[in-house]
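Here's the structure we're looking at; comments come further down.
Laboratory data are not the source of any read-out in this text; all were calculated from the coordinates shown. Being a predicted model, the structure only gives us computed values, none of them experimental. Methodologically, a virtual Cβ is constructed for each residue, glycine included, from the backbone with ideal geometry; neighbour enumeration extends over all protein chains shown.
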Amino acid sequence: MKSRTQMYVITAFAAAIIAVLAQVSIPLPFGVPITGQTLAVGLVVTILGTKYGTLAVLVYILLGAVGMPVFSSMSGGLGILVGPTGGYIIGFAAQAFIQGLYMDKLGYNYVHAIISNLIGMVVTLAFGTAWLKVAMSISWEAAFMGGVAPFIVLGIVKAVAAAWLGILVRNRLMSARLLPKYA
């Protein structure tokens, strides 16, 4: 029972990390900024795996949905989720689940962490771009140019950084017995 409580505390801390890194934000046209959220989600899932990584992302989204200022630029509320960036935020949950499943099946090492983070980046960009098209009533080309193109290079850098740091932290937490083997 102690490890379950411990994992819920770590999960809450992980949701807080996502909220803090979301405040690192560089505004771009179309209302979709470059943020630290994608780095944070990849990092959290690499460390915690599918179950607790996805739970941390869902807690983060729920906190933002009820109005806590956890989204980028200290914003929150349902309006953000139905606005131009909402698809990216919802995509974080899909990213967490898919990325975590990949690593659960193939292993927690640097190579699989990089691959899973890159897959997660694509998942988030797909959700975000589809919603950007709908929310802004723009063409697929415009949605791609505003919702994917500006994020590709930095997204790859963030995916590699999340993988490297995530595996490093995960291994240290497991060595210190702060993260159970099943996480």
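Add -39500 (n - 2.57) for each DSSP H run of 4 or more in the chain, then divide by its residues: what number comes out at 222 nm, to the nearest 500 deg cm²/dmol?
Theoretical 222 nm ellipticity from helices: -25500 deg cm²/dmol.
Would you count, across the chain, every pair of lysines whose alpha carbons are under 25 angstrom apart, provided the pair is eight or more residues apart or spans two chains?
For the chain, the number of qualifying lysine pairs is 8.
Just to be sure I follow the definition: excluding the sites themselves, where is the longest run in the chain that has none of the trypsin sites (Lys or Arg not before Pro) in a DSSP loop with at most 15 other Cβ atoms within 10 Å?
1-176
Please compute the length gained on full extension between residue 8 and residue 137, using 0.36 nm multiplied by the number of residues separating them and subtracting their Cα-Cα distance.
42.5 nm
Work out how much length residue 23 to residue 106 would gain on full extension: take 0.36 nm times their residue separation and subtract the Cα-Cα distance, in nm to one decimal.
Full extension from residue 23 to residue 106 adds 26.6 nm.
Using amide H atoms built in the peptide plane, which far-off residues or other-chain residues are under 5 Å from residue 68 H to H?
Placed amide hydrogens put 77 under 5 Å from residue 68.
Are there any chymotrypsin sites (Phe, Trp or Tyr not before Pro) in region 81-183 that are in a DSSP loop and have at most 14 other Cβ atoms within 10 Å? List them by number.
Hits after loop and neighbour filter: 182.
Among 98, 156, 142, whose Cα sits farthest toward the positive end of the charge dipole of the chain (+1 at Cβ of Lys/Arg, -1 at Cβ of Asp/Glu, about the Cα centre)?
It is 98, whose Cα lies furthest towards the positive end.
Run the dipole for the chain about the Cα centre, Lys and Arg Cβ at +1, Asp and Glu Cβ at -1, nothing else charged, and hand back the magnitude in debye, nearest 20.
Its charge dipole is roughly 680 debye.
Quick one: 3J(HN,Hα) in Hz for region 12-28, Karplus 6.51/-1.76/1.60 with θ = phi - 60°, rounded, Gly and Pro as x.
5, 4, 5, 4, 5, 4, 4, 4, 5, 5, 5, 6, 7, 9, 10, x, 9
Report, in whole Å, the centroid distance computed from the Cα atoms of region 123-156 and region 55-74.
21 Å
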